[in-house]
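Accompanying notes for the structure given below.
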Amino acid sequence: MFVDVILPLPLDGLFTYSVPQPWGEQVKIGIRVLVPFGRSKTYVGIIAKTHKGPLPSGFQIKDILQILDAEPILLDTQLRLWQWIADYYMSPIGEVCKAALPSGLKAEDGYRPRTETYIRLTPNFRSEQALHIALDMLKRAPKQLKALVDFLNLIGDQDFSLLISHSSFPEVSRDELLNQGHTLQTVNALQKRGILEVYEKEVGRLNHGGEPHLDKIKSLSEPQQDAYNQIQFSFLKKNVTLLHGVTSSGKTEIYIHLIRQALEMKQQVLYLLPEIALTVQIMERLQHVFGNRLGIYHSKYSDAERVEIWQKQLSQNPYDVILGARSAVFLPFQRLGLVIVDEEHETSYKQQDAMPRYHARSTAIMLAQMFKAKTMLGTATPSLESYHNAKTGKYGLVELFQRYKGIELPEIQIVDIKDLQHRKMMNGPFSPLLLAKVREALERGEQAILFQNRRGYAPMIECKQCGWVPHCNHCDVSLTLHRNFNQLTCHYCGTVYQVPTECPACGCKELQTRGYGTEKIETDIRDIFPEARIARMDLDTTRTRQAYERIISDFSAGRTNLLIGTQMISKGLDFDKVSVVGILNADTMLNYPDFRAYEHAFMMMAQVSGRAGRKGRRGLVILQTKSPDLPLIHQVVRNDYAAFYRTLIAERQQFRYPPYYRLVYVFLKHRQDAVVEAAGLEMGRLLRQWFSGRVLGPDKPGISKVKSLSIRKIVLKFELSLNMAEVRRYLALAQQQMLQDKRYASLQIYYDVDPL
């Protein structure tokens, strides 16, 4: 018997091993096996196929070394999803395996259950008479006597006759007893006397969330109920429906009603969010209703926690609702009936940095399709692709343009900072109007948010005399100053450098900062509003799950009243007392060399603006820009998504971009720039033989060197009618031809399908 195994390696295809005779009946698709690979290495792989041969001659087939599971950890639908991701996103299935499985399921020593030390009475002392003897025996050992009495108090019953009636004798954790003021030495002494027994107990890491309270679901308002009814009708005809609802229109409450309906039908629900930060607020709302039927899954959870959730989803009592970020699409579902993709427009749903470069929204739609489930896409600012699919009938479309309880959308005032800078009226990055409105809000006991989509202290430092700028040794980028850490950091490879005291080019000691990051905004605003309680939310301040939760909790509770942040703060967070939002420089989002720049800018500004005035009176947004007459700025002010869509969709059609064409980026990397230059030209020539004018490049991307690897980029534009299976076949053939050339033996070639 033979098995084809998926290995967590960046290699195409499956690897065949033979099964020793005694293990034949234990072999199942989806279980893990330990296998040899190469001369001396072993890996944990997953069986994807079983067969009996015959195999091609000339191959030496190795035996599997060990079977690690009695039952599959990968279900049939998951395996099909993995294969779809590998095919569509042109990634080795081994890379999909690496991305999908928690590390504890990929390692040879595997996952170790969490245990705690517990204590209980030994069988000889589980009677009233025996306990009286024990208490008498300990009269000359007062510390041990008190420890035993405290133990009996902790197990909650001093009536010894009731104690022995328990079917499972009461126990407490050793830490609980030690917290009563006792020492480990005292507990060990009671163990040596044979009165207490000490043992390890598996306790798990999951938060059980309490009992569900479906009766606590709020009633929908009339506009919400109308949208809910339209969604139900849409689901009768379409498998995917887009809910286009303005910020604070109550989309989450509609989702909760849809989840309740799915649970009543004994179905599971996957609720995706783009950012881990959002799970904090949404988790509290969902846990209040669904209690222990809700599981949370994202990358800030420990690997052991993710393994336990994975195993629970394989059990006979899985979570009915999974709330998670991008990676939650990989969890094993058994009866999935509804997928909700909240803030569907967010670029965070696309895996950008490593293979497979999948989009969680597209993957979730495919996952739902495999289960014949429904998909709900929701946002205040739909992606052009999703809105186009809805307007052309591929998706259902439901629109909700009234905020909950009739609260008005915020007023947006444009401030021309170019004119103010010319008149020397700016206080750093702050206009007089913005500072005045923030001060008024704080004096009224309200809150304010300042949005700057750059972290660090300053994007760069520069020699005042000769203009020298420090760059990364490994990447083609300038270094960002982080003053709190007193270091320069490359945001591409993470390398850290000391801050120079003088210019190495001319010796000048005057080095000045250029631009503003969130750290500098925080420093400057503390000088202006020393009485304000300020928090900063960016990648530097949210390295851990607890940091996310603390920042959001403090701002929600009013312990902080001025929040400074990057795009993290734009994503669906709901704060009651925010009356003023400042967008410090809209131009940093607009002046970006990408065909999606205006789309992303509109979405980000509209979403940030939506944080103002969500409850109570109407909010105010101060939008600072050097381009006040730009049509896009006025579309944001009017919240006119329809006009924004009409403008951009015409441009996309004219210049052959999505949603009218499909894009594939081909990236080539090598340590030597001359080699990657030659390889790019050769790859472009090969592709033009098959795709002719659909091939653009090769060109140097904006960042042409990362982690000491030089980069070239080829852009492919394909008509939607083109057979993508054939496209992938030709791309694989071109890659194979390239790598057969000895000059390109260490060349890296990878693809970004549907890039953002």
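Compactness of the chain is given as radius of gyration and Dmax, 30.2, 95 Å, from Cα positions. For the stretch 634-756, the Cβ-based charge dipole about the Cα centre amounts to some 180 debye (Lys, Arg positive; Asp, Glu negative; other atoms uncharged). Averaging 1/r across all pairs of distinct Cα atoms in the stretch 52-91 and inverting the result yields a Kirkwood radius of 13.5 Å. Computed over the stretch 311-366, the convex hull of the alpha-carbon atoms projects to a mean area of 4.3 nm².
By DSSP, the beta bridges lying fully in the chain are antiparallel in about 55 percent of cases.
In the chain, the calculated helix contribution to ellipticity at 222 nm averages -10000 deg cm²/dmol per residue, counting -39,500 (n - 2.57) for every DSSP H run with n ≥ 4. Counting only protein heavy atoms and a 1.4 Å probe, the chain has 46 square angstrom of accessible area per residue.
Counting Lys +1, Arg +1, Asp -1, Glu -1, what net charge surrounds Lys218 among other residues with beta carbon under 13 Å of its beta carbon? Computed value for this residue: +2.
Loop-resident chymotrypsin sites (Phe, Trp or Tyr not before Pro) (DSSP state other than H, G, I, E or B) in the stretch 562-641 with no more than 14 further Cβ atoms inside 10 Å of their Cβ: Phe595.
On the stretch 672-721, 51 percent of the accessible area sits on carbon and sulfur atoms, based on a 1.4 Å probe. A cut-off under 15 angstrom between Cβ atoms defines the neighbours of Arg357, and their net charge, with Lys, Arg +1 and Asp, Glu -1, is +3.
For Arg120, the residues 5 or more places off, or on other chains, whose built amide H falls under 5 Å of its own are Glu197.
Counting protein heavy atoms only, the stretch 581-659 has 51 percent of its accessible area on carbon and sulfur, 1.4 angstrom probe. Using only the Cα atoms of the stretch 362-450, each taken as one equal point scatterer with no solvent, compute I(q) by the Debye sum, divide by I(0), and report log10 of the ratio at q = 0.12, 0.13, 0.17 Å⁻¹. Debye output, listed in q order: -0.70, -0.75, -0.88. Across the accessible surface of the stretch 486-539, with the other protein chains kept in place and a 1.4 Å probe, carbon and sulfur atoms take up 46 percent.
Looking at the stretch 378-418, what % of the alpha carbon pairs are farther apart than 17 Å?
Numbers: 436 of 820 pairs.
Above the 17 Å cut-off, the stretch 378-418 has 53 percent of its Cα pairs.
When the C-alpha to C-alpha distance is required to be over 29 Å, the pairs from Lys52/Lys106; Lys218/Lys437; Lys312/Lys707; Lys571/Lys669 that qualify are Lys218/Lys437; Lys312/Lys707; Lys571/Lys669.
The values are calculated or read from the model by the stated rules, or taken from the named source; none is laboratory data. No experiment lies behind these values; they were computed from the predicted model shown. Please note: Cβ atoms are built from the backbone with ideal geometry, for glycine as well, and neighbour counts cover all protein chains shown. Heavy atoms of the whole protein, side chains included, go into the accessibility calculation; ligands, DNA and RNA do not. Shrake-Rupley method; radii C 1.70, N 1.55, O 1.52, S 1.80 Å.
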